[in-house]
Every structure is written in structure tokens, then in C-alpha cells.
1. For region 63-84, which residues satisfy the criterion of being open to solvent by less than 30 Å² (accessible area, probe 1.4 Å) and modelled with pLDDT under 95?
2. Suppose we filter A198, A221, A212, A237 for residues that are more than 20 Å from F330 (Cβ to Cβ) and either open to solvent by less than 50 Å² (accessible area, probe 1.4 Å) or part of a helix (DSSP H, G or I) (or both); which single one remains?
3. For R185, only one of the following conditions fails: (1) in contact (Cβ under 8 Å) with a residue 40 or more places away in the chain; (2) out of contact with any helix residue (DSSP H, G or I) (no Cβ under 7 Å at 6 or more places or on another chain); (3) part of a strand (DSSP E or B). What is its number?
4. Looking at region 40-128, what helices (runs of 4 or more DSSP H) fall wholly within it and have at least 3 residues that are over 30 Å from S303 (Cα atoms)?
5. Exactly one condition in (1) part of a loop (DSSP other than H, G, I, E, B); (2) surrounded by fewer than 15 Cβ atoms within 10 Å (Cβ to Cβ) is not met by R156; state its number.
6. Suppose the filter is under 30 Å from T257 (Cβ atoms) and either in contact with a Cys (Cβ under 8 Å, 6 or more places away or on another chain) or among the hydroxyl-bearing types (S, T, Y) (or both); does S390 pass it?
Amino acid sequence: MTDSEDTSGGITLYGAQWCPDCRRSKAFLRDQRIAYTYVDLEAKPEEIATVLELNGGKQIIPTIVFPDGTHIAEPSNEELAEKLGLTRDAASSTYDVVIIGGGPTGLTTAIYAAREDLSTLVVEKSAIGGQAGITERLDNYPGFPDGIEGAELADRIAQQAQKYGVELLSAVGATGIESSQGSSRITLSTGQIISAGAVVISTGSNYRRTNAPGEADLIGAGVHFCATCDGPFYKEAEELVVLGAGNSGLEEGLFLTKFGKHVTIFERSDKVAGSKILQNKVAEHPNMELRLNSEVISFNANSDGRFASLTISGPGGETYDHNAAAVFVFIGLDPNTGWLNGLVELDERGFIATDRNMETSVPGVFAAGDVRAGSTKQLASAVGEGAAVSLQIRHHLNA
């Protein structure tokens, strides 16, 4: 991100690239799709005076100023959610269906359940819409021949769910489930405990990291996992890098050519996993290069603490530094199942195992979408799974 990026919206966040709490707050606002202006105090030291004045002479970051003139300093995600007016308490303590995960799968399940006149709650630890909500454009979703922005599609699905009376909570996750005789008690991150006749886990997956030295320290300071979110901050950059040559890596690499003058894709294996169509697009693009058998040894910072280069081990075992303005990591997904603490059976990769009815090893607890073992990890099929699991919920509740 540049020293001062105005994404408009009346909220101003004062911070620094080295500050992990600043990166966390920026990620929270991004996930909630809330516009803000970011002021980098390292690049604009004259703005430090504003932070000192707001905080009674203390230099505390992040300091976030709101349109009404009020501010909060170094807030937790919960404090920021409350300040933004996000509803984080469920209206009831008992529901027919509780859906954990508010992406397209969970929202579709909710629509179908609510149309069956089932009381339905959706809780989402991040922002309603999931990964689809932060995807720049979807060109392969049925019904939109010209494509549709991910945020628009997510908002449309959420509005449809609310039309049928679905209750939606964002910035609220689940921390545990206790099940007995087909019913469940869900503990939310707020401490609230909710009872449900059926539970659907649709928590999706997270972007996988390389875990190479320097990566964690530079996240948000030149290391990114979302080209749609952060690519625009690198307009006219001489070089951008993508790690991973699957569909996501190739797609995001092509997208980044809108901003960087050149994009290099590194793939550690000797094969390209992406579709042939995407491979051809990359091969034909004059400003792209694909390098196979290239593994990241380290992420390197400059004197300002920002990403500067990658150390790469090449096909012959040689090592070299590859300079770039930023690197975008697309090497796969890990399922969001760690919080389950052994409640349900998982496969060897950590995805939730289900039967043909999408029911887990625990009666009354179902799984659908990207978090489920055997899912295709495609948006259209994820929505289809949401509709399919709702039918199984009905059978369970009527049994």
C-alpha cells in the first residue's frame, strides 16, 4: 500500500507499515468492504502531530478517525466492529438452523431454509459474502454473461437472504459446538451460546502461506494474498510477482497486469496446474513470464521494512534475488476447521468428511462448500451445495 491511499469513505486510519495492529485493522475494514483513507506516518511524518493531538500527546497506532470526528486508538476487532455499528449479538438463543460461515454457500443454505419457514441464523467471523465478496470480478457464474463484481453478487445474495428473514451476524465466529441427540449448542466468539436443531458448517478455506523466512513479517507490507484488494496500490510498478501456477495464480497474475508493468509467476513444481485456457493467456501476454521449478527461499525487506525481493532457488539449484514491488501468494487453500477441536471427522488434508447427505460424523451437523472434503472449490457448485444441504436439514428436523 502506498504512503497515503484514499479509498474514500470518510474514515481515516493513521498507521505504519511495520505495525501489525495497523495491518489487522486495515484487513478488518477491507473484509467488511468499508472504505477508508490510509495515512502512512512513516511516509508522512508531519501527520504524527495529528495522532499526538488526538491521543493526548501519545503516539498510538493505529488511530482511526470517523466521519463524526470521534476516534479510537489501537482497537481490537471487536471494538472496531462495535464502533462501526455492526450487530454482533443474536436476537434469539434458539434457532432451527445455525449456519457458521456467511459466504455464498452459507447464504444460499439460509435462503432455502428460511423459505421453509425455519428460523435461521448466519454467523460470519469476517464479512458477509466470504471470499466472493472480495473478488474483483466473476466471469463464469451462470446468469451474468458480462460478468459481475464479487462484492455485488455477495450483496445481492445477502439481500435475498434478509428478504426471507434470515438473521446475519458479521465479525462473529463460532468457537465450539456441543452436540447431543441431533441438537447442538454453539458458542460464539462473543461468548453468547446458541441452540440449534441443525448446524451447517460452511466456513470455507484460507489462503496457504509458504512459511519461508520473512513472509509473516511482511504481510501487508508488500506480501499479499488478494490481488483484487491490494493490486491497485501498485500502479505502474516495474515488477510484481505471483507465487503459484494454479487457476488462482494465473488468474490473479493476469489481473495484476492492469497495474504492474511486468508480472512474473513462480511455480515450485515442474508442472502448471492451471487450466489450458489460462496457460495460453499467460503465455501470449507480452508482459508476463512463468518460471517453473522455482522455490522461494526467503522474503527480503528493504531498510524501510517493506518487501523488496525474493530469494529463489532455480531449476538447477542456483539461488538468486528477484526484485519486485510486491508479491502475491496463491499456493492453495487450507480449510477453516481448526476451531472444531475434533468434533467431526476430517480427511487427511483437514477438510470435513461427510456422507452423501452432507452430514458429518455428528448427527445434525452438516458441512457444505469449500470446507467439505470432495467439494470442487468452485462458486457455482458451492451455491449448489448450499441448496442441497438445506434439503437434508429439512429431513433431519422432520425425523
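The values are calculated or read from the model by the stated rules, or taken from the named source; none is laboratory data. These figures come from a predicted structure and were not determined experimentally. Cβ coordinates were reconstructed from backbone atoms using ideal geometry, including for glycine residues, and neighbour counts include every protein chain displayed. Areas reflect the complete protein model, heavy atoms only, side chains present, ligands, DNA and RNA absent. Shrake-Rupley method; radii C 1.70, N 1.55, O 1.52, S 1.80 Å.
1. The answer is P75, L80, A81.
2. Residue meeting the stated conditions: A198.
3. R185 satisfies every listed condition except (1).
4. 77-83, 104-115
5. (1)
6. No, not satisfied.
A quick yes/no check of all residues on (1) touching a residue at least 40 places away in the same chain (Cβ under 8 Å); (2) open to solvent by 40 Å² or more (accessible area, probe 1.4 Å); (3) among the aliphatic types (A, V, I, L, M); (4) assigned to a loop (DSSP other than H, G, I, E, B):
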| site | (1), (2), (3), (4) |
| --- | --- |
| D304 | yes, yes, no, yes |
| A308 | yes, no, yes, no |
| T311 | no, no, no, no |
| P363 | yes, yes, no, yes |
| T376 | no, yes, no, yes |
| A380 | yes, yes, yes, no |
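Table: residues versus (1) over 24 Å from V199 (Cβ atoms); (2) touching a strand residue (DSSP E or B) at 6+ places or on another chain (Cβ under 9 Å).
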position: V327; (1), (2): yes, yes
position: F330; (1), (2): yes, yes
position: G350; (1), (2): no, yes
position: R356; (1), (2): no, no
position: T360; (1), (2): no, yes
position: A367; (1), (2): no, yes
position: A388; (1), (2): no, no
position: H396; (1), (2): no, yes
